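Chemist: Attaching a single structure in structure tokens format; questions to follow.
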Amino acid sequence: MIAAAAVGLGGVLTPALSAQALDTSDTPDFGSSVKIYDPSTPTSTIQADVDAAFNAQLLNSGAQFGEQRYTFLFKPGDYDRVWANLGFYTAVAGLGKNPDDVTIHGAVNVDSGWNAGDEKNATQNFWRSVENLAIVPEGGTDRWAVSQAAPMRRVHIQGNLTMGPSNQDGGQGYSSGGYIADSKVDGTVSSGSQQQWYTRNSSLGAWEGGNWNMTFSGVDGAPGNDFDRSYTTLDTTPTTREKPYLYIDGDGKYHVFVPSLAQNSRGVTWPNTPGTDLPMRDFYVAHPGDSAGTLNQALEQGLNLFFTPGTYPLDAPLNVTRAGTVVTGIGFPTLTPTNGNAVLTSADVSGVNVSNLVVDAGTQNSDVLIRLGETGSHNDHSGDPQSIQDVFVRIGSSIQGNATTTLQVNADDTVIDHIWAWRADHGGAPTGWNVNKGATGVEVNGDDVLATGLFVEHYQKHEVIWNGNGGKTVFFQNELPYDVPDNASWQSPTGAGYAAYKVADGVSSHEIWGAGVYSFFNVNPSVVADRGFEFPDNGGVRGHGLFTVSLGDVGTINHVVNNTGGPVPNPAGNTSPSRVANYPG
């Protein structure tokens, strides 16, 4: 078997045929950053562990871009009073086949007041997650005051859920999320101070509140479509495949379950989620220190990849060529290119699934960080598309990173389900217009690509460029770059600035729902963008629930889409949005 890789001519990886095959196990070591509990574990032990993880980050200015990783996994059963506060790079998940197999009494809690330099807000509550369990909230309400890159999936809240921080009144406590999928809330969801939120394929007792953009697709109990109240509601989601998840069976063996593809779906998939069960022995379980050569060896051996928490410098891309390959992980494993390379590329094959990763651009510019499918290749993958889920990419963090394009999607029918592509406006390393450079967050060249939950921010040209036909986006959140020095430095071929979301002139069919573009030109408030969205006017490219807003009335966007929609700031002031319910009207 192929079991290693050597560097051949031109630095290209070639297989070393004489090496020994990599070992796998159904009971792998997930590393010291992962703690696993069962119902016999003393509650005091669990509480001490989660408190130690959170308290290490209290008012710690280095935590947001630190290397700490905390993952807490719960085997099936009931757990008495656990109050888990979640900080950066903290994941809590159940190990049951269904969410109700694991019940936590207490809270899985995210609030404001703890982040050094931003104590009053929740707008930087990034990089944390809760999955695959039930919560009986103490006092009847769980709090999940998160912003970007903080998914809640396969969760059953047996009570109410609030997504605003405890200090949200009096003009404080802003929050800027967020994403829920395949979850059930028995009571009422309150959006609180959230600027925007996307809820997909879930079941809610009720929903209250709204700010600029509350988008729902396939959600039982969602409010009716009413864009005047910020609600954009679709009865179903066009295509879904829920994210793979880890579970343990009755014999103590681990599996990764890959849910099935669904069309025009609504509500939760559980219990008895349909899909494919992959034993852990089909995965190479990666640990920090594994090289790109070792990881590619595993792929060549026909294995899937499962990353444990930590950082992974890679001097070559992970090269996925086998249909159906799963690349996933737990605890925010972070991949960084060291040679101006991509971190992952896939061939134009069906069923590749990439999820649960953080990617940091390296100091040497990468042309692209993630590429799905091959340039110019168009094969029908509608029955088994490639997908990318809960992948969060940073151009600038603790590294002064640079990348021309973050995500390039070439494979037809690909599903993009919750990503955050972020050219950093702040970081552990300095950021700035000429420091951490990134032109485009997402470039879509494939046909019939669907994005559900697309967060793309601060890139220096068009943040999303959509070249493929038949594309759809349900929910888009964008902030234009804060640090534009002047309009002379930021001119597109069609006028002042770059539209955040551009559908290429040659595209004949495209549709987007629930989408906002924000300006906050704090380096130079006189900077102007002509429009937030740019569409070809051919009748086949349509938008629903589009808006622009000037945060704090800093900076100007003249139109929402093309030359339609009034400017922001507008006469109402006070960060009031400009809205276009449907385009063309």
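Chemist: To the nearest Å, what is the center-to-center distance of the stretch 75-152 and the stretch 293-345, using C-alpha atoms only?
Modeler: One Cα centre to the other: 28 Å.
Chemist: A further question follows. When the distances between all Cα atoms of the chain are binned every 20 Å from zero, what whole-number percent does each bin get?
Modeler: Over the chain, the share of Cα pairs per 20 Å bin runs 22, 59, 19, 0 percent.
Chemist: Sticking with this one: Using mean Cβ contacts within 10 Å as the protection proxy, how do 197-203, 95-101 order, highest first?
Modeler: In descending order of packing, they fall as 197-203, 95-101.
Chemist: Using only Cα atoms, figure out Rg for the stretch 248-317 and give it as a multiple of 2.2 N^0.38 Å.
Modeler: 1.41
Chemist: Right, here's the next one. Around Val219, which amide H atoms from residues at least 5 apart in sequence, or from another chain, sit under 5 Å from its own amide H, with H modelled in the peptide plane?
Modeler: Excluding prolines and chain starts, which carry no amide H, the hits are Asn201, Ser202, Gly267.
Chemist: How large is log10 I(q)/I(0) at q = 0.17, 0.20 Å⁻¹ when the Debye formula is applied to the Cα atoms of the stretch 290-435, each weighted equally and without solvent?
Modeler: Once normalised to I(0) and log-transformed, intensities are -0.90, -1.23.
Chemist: Ok, one more. Which whole-number value in Å² is the accessible area per residue of the chain, probe 1.4 Å?
Modeler: Accessible area per residue, the chain: 32 Å².
Chemist: What full-extension length gain, to one decimal in nm, is calculated for Ala48 and Thr363 as 0.36 nm per residue of separation minus the Cα-Cα distance?
Modeler: That works out to 109.6 nm of additional length.
Chemist: Ser492 to Ala581: FRET efficiency via 1/(1 + (r/R0)^6), r the Cβ-Cβ distance, R0 41 Å, to the nearest 0.05?
Modeler: The formula returns an efficiency of 0.95 here.
Chemist: So if I place +1 on the C-beta of Lys and Arg and -1 on the C-beta of Asp and Glu, and nothing else carries charge, what would the dipole magnitude of the stretch 63-118 be about its Cα centre? I want it in debye, nearest 20.
Modeler: 160 debye
Chemist: With the dipole of the stretch 418-467 worked out from charges on the C-beta (+1 for Lys and Arg, -1 for Asp and Glu) around the Cα centre, which of Gln460, His426, Thr440 lies farthest toward the positive end?
Modeler: In the stretch 418-467, that residue is His426.
Chemist: How big is the Cα convex hull of the stretch 194-313 in projection, averaged over all directions, in nm²?
Modeler: 10.6 nm²
Chemist: On to the next question. Could you give the distance between the Cα centres of the stretch 518-585 and the stretch 207-221, to the whole Å?
Modeler: 21 Å
Chemist: If you don't mind, another one. Please compute the alpha carbon radius of gyration of the stretch 370-444, then divide it by the globular-protein estimate 2.2 N^0.38 Å. Two decimals is fine.
Modeler: So the stretch 370-444 has a normalised radius of gyration of 1.27.
Chemist: Based only on Cα atoms, what mean projected area does the convex hull of the stretch 497-575 have, in nm²?
Modeler: Value for the stretch 497-575: 5.0 nm².
Chemist: Right, another one. If you take the beta carbon distance between Thr27 and Trp83 as r and set R0 to 22 Å, what does 1/(1 + (r/R0)^6) give as a FRET efficiency, to the nearest 0.05?
Modeler: Efficiency, from the Cβ-Cβ distance: 0.15.
Chemist: Let me ask another. So for the stretch 432-576, considering every pair of alpha-carbon atoms, how many percent are separated by more than 19 Å?
Modeler: The proportion of pairs with Cα distances above 19 Å equals 47 percent.
Chemist: Quote the convex hull volume per residue of the stretch 86-192, based on C-alpha atoms, as a whole number of Å³.
Modeler: Value for the stretch 86-192: 85 Å³ per residue.
Chemist: Something else about it: Restricting to the chain, what percent of DSSP beta bridges are antiparallel, rounded to 5?
Modeler: 15 percent
Chemist: Here is a follow-up. Could you tell me which of Leu161, Leu450, Ile36 has its Cα farthest along the dipole of the chain towards the positive end, charges placed at Cβ (Lys, Arg +1; Asp, Glu -1), taken about the Cα centre?
Modeler: Of the options given, the answer is Leu161.
Chemist: Where does the longest stretch of the chain lie that holds no GluC sites (Glu not before Pro) found in a DSSP loop with 14 or fewer other Cβ atoms within 10 Å?
Modeler: For GluC sites (Glu not before Pro) (loop position, at most 14 other Cβ atoms within 10 Å), the longest site-free span of the chain is 120-585.
Chemist: Then there's this: Give the calculated FRET efficiency between Asn339 and Glu374 to the nearest 0.05, with a Förster radius of 25 Å applied to their Cβ-Cβ distance.
Modeler: 0.75
Chemist: If I take every Cα pair under 8 Å that is 6 or more residues apart in the stretch 228-315, average their sequence separation and divide by the length, what percent do I get for the relative contact order?
Modeler: That works out to 22 percent.
Chemist: What distance in nm separates the two pseudo spin-label positions at Ala323 and Asn563, each 7 Å out from Cα along the beta-carbon direction?
Modeler: With each label point 7 Å from Cα toward Cβ, the separation is 4.9 nm.
Chemist: Assuming 0.36 nm per residue, please report the length gained on full extension of the stretch Asn524 to Ala572 beyond their Cα-Cα distance.
Modeler: Gain on stretching Asn524 to Ala572: 15.1 nm.
Chemist: With N set to the residue count of the stretch 404-483, report its C-alpha Rg divided by 2.2 N^0.38 Å to two decimal places.
Modeler: Against the empirical 2.2 N^0.38 Å value, I get 1.12 for the stretch 404-483.
Chemist: If you place +1 on the Cβ of every Lys and Arg and -1 on the Cβ of every Asp and Glu, how big does the dipole about the Cα centre of the chain come out, in debye to the nearest 20?
Modeler: Using Cβ point charges on Lys, Arg, Asp and Glu, the chain gives about 420 debye.
Chemist: Give me Rg over Rh for the stretch 29-161, both radii from the alpha carbons and Rh done the Kirkwood way, two decimal places.
Modeler: Looking at the stretch 29-161, the ratio lands at 0.94.
Chemist: What value, in deg cm²/dmol to 500, does the helix sum -39500 (n - 2.57) over DSSP H runs of n ≥ 4 give at 222 nm once divided by the residues of the chain?
Modeler: -1000 deg cm²/dmol
Chemist: If each residue of separation counts as 0.36 nm, what is the full-extension length gain between Asp226 and His426 once their alpha-carbon separation is subtracted?
Modeler: 68.5 nm
Chemist: A follow-up question, please. If you only keep lysine pairs separated by 8 or more in sequence, or across chains, how many in the chain come under 30 Å at the Cα atoms?
Modeler: 26
Chemist: Can you give the Kirkwood hydrodynamic radius for the stretch 125-167, in Å, rounded to one decimal and based on Cα pairs?
Modeler: Evaluated over the stretch 125-167, this radius sits at 10.9 Å.
Chemist: Let me ask another. Would you work out what percent of the accessible area of the chain, with all protein chains in place, is carbon or sulfur (probe 1.4 Å)?
Modeler: 47 percent
Chemist: Hey, how much of the P(r) for the stretch 301-340 falls beyond 11 Å, as a percent of Cα pairs?
Modeler: So the portion of pairs separated by more than 11 Å is 68 percent.
Chemist: Among Tyr312, Pro385, Thr345, pick out the residue whose Cα is farthest towards the positive end of the charge dipole of the stretch 297-405, where Lys and Arg carry +1 and Asp and Glu carry -1 on C-beta, about the Cα centre.
Modeler: Looking along the dipole axis, the top candidate is Tyr312.
The values are calculated or read from the model by the stated rules, or taken from the named source; none is laboratory data. From a predicted model like this one, the values you see are computed outputs, not experimental measurements. With ideal geometry, Cβ positions are generated from the backbone for all residues, glycine too; neighbour counts draw on all protein chains shown. Just so you know, the surface numbers come from the protein's heavy atoms only, side chains and all, with ligands and any DNA or RNA stripped out. Shrake-Rupley method; radii C 1.70, N 1.55, O 1.52, S 1.80 Å.
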